[in-house]
1. Need the full-extension length gain, SER703 to ASN133, defined as separation in residues times 0.36 nm minus the C-alpha distance. One decimal, nm.
2. Could you order the peptides 552-560, 481-489, 81-89 from most to least packed, using the average number of other C-beta atoms within 10 Å per residue?
3. Per residue, how big is the convex hull around the C-alpha atoms of the range 373-441? Give it to me in cubic angstrom, could you?
4. What residue among LEU627, GLY610, SER697 has its Cα farthest toward the positive end of the dipole of the range 599-701, where the charges are +1 on Lys, Arg and -1 on Asp, Glu, each on the Cβ?
5. Cα centroids of the range 131-157 and the range 344-410: how far apart, whole angstrom?
6. For the range 569-673, report the convex hull volume of the alpha-carbon atoms normalised per residue, in Å³, without decimals.
7. Using a 1.4 Å probe over the heavy atoms of the protein chains, calculate the carbon and sulfur portion of the accessible area of the range 395-522 as a whole percent.
8. With +1 assigned to the C-beta of every Lys and Arg and -1 to the C-beta of every Asp and Glu, and no other charges, what is the dipole magnitude of the chain about the Cα centre in debye, to the nearest 20?
Amino acid sequence: MSSLKSIRSLLATTAVLALSSPAAASPFAEPPVFASKNGQLNILMIAKPKLVKAISFAPPNSRNPINPVGWVYEICYRQDAIGNQCSKENKETSSEFGGIRLALQKGDKLRVRLVNKLPRQDKNKVSHYWNMNSRTPIPDLHGINLPLTPTNLHTHGLVVQARAPSFNNPTWGDDIYVDLYNPANGHPIQQHHQHGAVVDNDTGILDYEISIPNNEPSGSDWFHPHVHGVTADSLSSGLAGIISIGSVRDYVSTDALNSKFPEGQVRHLILKDMQVLAASRGKILFQKGLNSYPYPVTNGEVLNDQQDPAFCRQKATGSETARRGSCSGTNNTRSGGSDYTGGRWFFPVSGAIFPTININKVDGEIWRISNVGASATYRLQLKDNTGNYPIITQLISVDGVSTHIPRGTTAGDKITLGGSRFNIVPCPVPTPNGYLAEPICIKEFVMMPGSRVEIWVTYRDRTGKKITPPKNGALATFQTVGITTGAPGVGDPWPAVDLAEVKFGPRDAASNLVALALAGDALAANRPEGIFAEPVPYATAAALANGCRPLTPGHRRRIFFGLVTVTNPNVFGLGYEEVASDGSVVPNTAMPITAFDPSNPFICLPLGPGQTPVRETWELVNLATELHNYHIHQTRFRFIQPSANSTSPLSPILNPNVGAGVVEDNVPLEIAVPDPSIVKAVMNTQNGYCTIDQWRSKRCAASPKIIEIPFAELGEFVYHCHILEHEDSGMMAKIQVVPAPPSYWGNNQVNH
C-alpha cells in the first residue's frame, strides 16, 4: 500500500530530491561507550566547549579552514577522576561532539556528577533573555540569568522517578527543576519566576542518582540539558548523548525467538546538526521581543539560539550539485531574513560528516537512529544508488520501545499505531510460522526532534526481497529527502541532505532469514509484570494536596497547542480542559493558551489503588498550520480509537494479552486546516494559528490525536513540544504525580 496519503500532514508540501552518491569522506565510528559494572554506572560528566575537529568550515576569502566551537560532555569514570576533573592521561576519558553512549542494564543505578563549564553567552543573541511581548528590547524578568548558561540533566525516554533531593538523599533524580551555574560566568540574580532550584556554588557541580527499574523497557534513549529558555542553545551546540538499556537480544531473534541477533551487528547513528556562520556578509538578525536586530558574527560562529530552517535552500540549486553531509547558506534578506551566504549547515552522523558505513556480515545490521538535534526534522530513506529506489527495512523499535504488532492488524491501524510517521509497505514474504508479532516493513520514515527508531538493514531488491549484493558490493545513500512541516510560509522547510554512504559487501548474503522475530516491550511493558502495570515500589500513601485529584472515570484531558496571542508569533503555549464522557467540557476546568510557568502545575493526579500506575486518556489538538511534536517525560503513551475492539492494540481498554502495538514518547500532531471563511485571517493576521474558539465553532479543522498515558512514576515533570524553539518559547506545562492517599481508595489501598 502507499502511505503517502496516510501521512499527508507530515509530507504536505514536501520537497523530494534524489541526489547522486558522492565519495565518502571518512569511515563511520561507533560512539564511545561507558558501561555499567556490578549494577551501577558512576561517572563524572563535564559540560564544556570544545573545537569540533570533524567539522572543517572554510569561510569565504580565507585559506584557513575553521573548526567551530561546539558544546560536549567530557566523561570519565568517577574512580578515574581527579577531583572534579577527568585525567588527560586516562584513555577512557571521552569528549566527542558526536555523542557518547551510556550502556545500562535493568536494575542499575546511574550516578552522575555534573560539572558546568559552559561559556557565558552574548545576551544580544539569547532570545529568551528578552521580553518576547515587547516591541522594544527590554529584558525579561523570567529569563534574565539565561546568558550565564545554566544547565542540568534529563534522561529522555527513561521511565524513572522525577525526584528532588531529600534529607536522606541529597542527590537529584531525573528532575528538570534545577539550574546549575558555572561560577566563572558570574552569579545569578533572583528571577521573577525561577525555573527551579538554583545551584550556584564555587565548583559548579550537581550530583544525580537515577535508579533504573528492573522492568524498564530495553532500547535506545538519550540525555541532554533541560533548562527552560536555553534548551535549544545547548542541543544546537551539540550537548547530547545516548543511553542504551539492555540489549537488542532482549527482544530480537533471527527465528521464532530461539536464535538471538548478533550484538556485534548493531549500529548507533546519532543525528545532530550545526549551523556555522560566515562574517563576510555582514550581520545576522537576532530576535529581541517582537522585533529582530542585526548583530555582527565571526567566521565559524555557531547559530545556536535560533536555528533557521531556511538557512539553506530546501533543494540543491546551481553549483551546489551534491550535499555531502552539509548544505551551503543562502541569502534570505528579500523575505525579511538573514543573509547566510558563505555559511554552512552541517549534518554529522555520530560525529562524522558524510561517513562510510560498511555492511559486510550475513543478515546485515540493526540501526539504532536517534534525532538529538534541537529542531530539525528528517524524512529518511536508504536509497539504492544503482536502481534509484528506497531500500525496504524492517521496523524494530520506536522511541526506545520494541514494537509488538498483533498478526492480522490492518494496514490503516499500523499507520495509526506509528503516529503516521512511517511509510509502511507490504513485507515481500509472509510472516513465518511461530512468530509472536507481525513484522512491519517500511521504505521511508519521519523523525522529528527527540525521536528514536530502530530498523533492520540488509541489501534488498526493488520489491524488498533480500538478495546477495554483487561481487564488488553495492552502494546506497542514507539521506533525508526534505520535508516542509506545514502550510507554505508557516511550516519549516527542512532541507534535503545526503547523510552517509552505505557499502553492502558480498558477505551480506541472502540467507533464509526473511524477517526478525520480536518479543516487543510494547506488549511486555503493559502486561501484569510490566512497568505500566506493577505497583510503584517506592510509593507510600499520603494525603492529597488541595487541587490534586484523580480524573473522573470516563473523562479525558484535552490539550491545545497554540500561540498565547495569535498576533504574536514568538510566545507559544498550551491550553487545557477536562472533557466529560458525553463530549462536553467540564465546568471550571478550561484554561486558555498559556506559556510555561514552573510555579503552576496544570495537572496533578494520584496513582491508582495499591499505588499501581494510573491510565488516562488525553486528546491533543494542534491549532497551528504547522506541525508540533508532543512529548511527555517519565512515561510513554499509545494511540487509541474509541471504536476499536478488544483484540486491537488501539482498543480504549488495554488488553494485556494484546499489548499496545507501538509505544511512543513523542509524536507529530495533525496540522490545522482553517475553512474559507477564516483562512485569510489565520494566514495573514494570526501567523498561521487558529484560536480555541475557531476550533470549537468548527471553522478550523484539527483532528485530535487520542492517546492513553500510563503514569507509573512520582514527581514533578513536564509535557511539551519537542521542537525546542517552541518549548523554549513557552509550549510546555507542568504535571505532578503523587502517591494515592490512604483513604481515597478505601479497602483497596495497599501501602508500600
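1. Net length gain for the segment: 202.2 nm.
2. Result, highest mean first: 481-489, 552-560, 81-89.
3. Values: hull volume 8.2 nm³, N = 69.
About 118 Å³ per residue, rounded to a whole number.
4. Result: SER697, furthest along the dipole toward the positive end.
5. 34
6. Enclosed volume per residue, from the Cα hull, is 161 Å³.
7. Values: 2020 of 3760 Å².
Result for the range 395-522: 54 percent of the exposed heavy-atom area is carbon or sulfur.
8. On the way: 64 positive and 62 negative charges, 347 e Å.
Charge dipole, the chain, about its Cα centre: 1660 debye, nearest 20.
The values are calculated or read from the model by the stated rules, or taken from the named source; none is laboratory data. If you're wondering where the values come from, they're calculated on a predicted model, not measured in any experiment. Note: ideal-geometry Cβ built from the backbone for every residue, glycine included; neighbour counts use all protein chains shown. The protein model used for the area step is the full one, side chains on, heavy atoms only, and it has no ligands, DNA or RNA in it. Shrake-Rupley method; radii C 1.70, N 1.55, O 1.52, S 1.80 Å.
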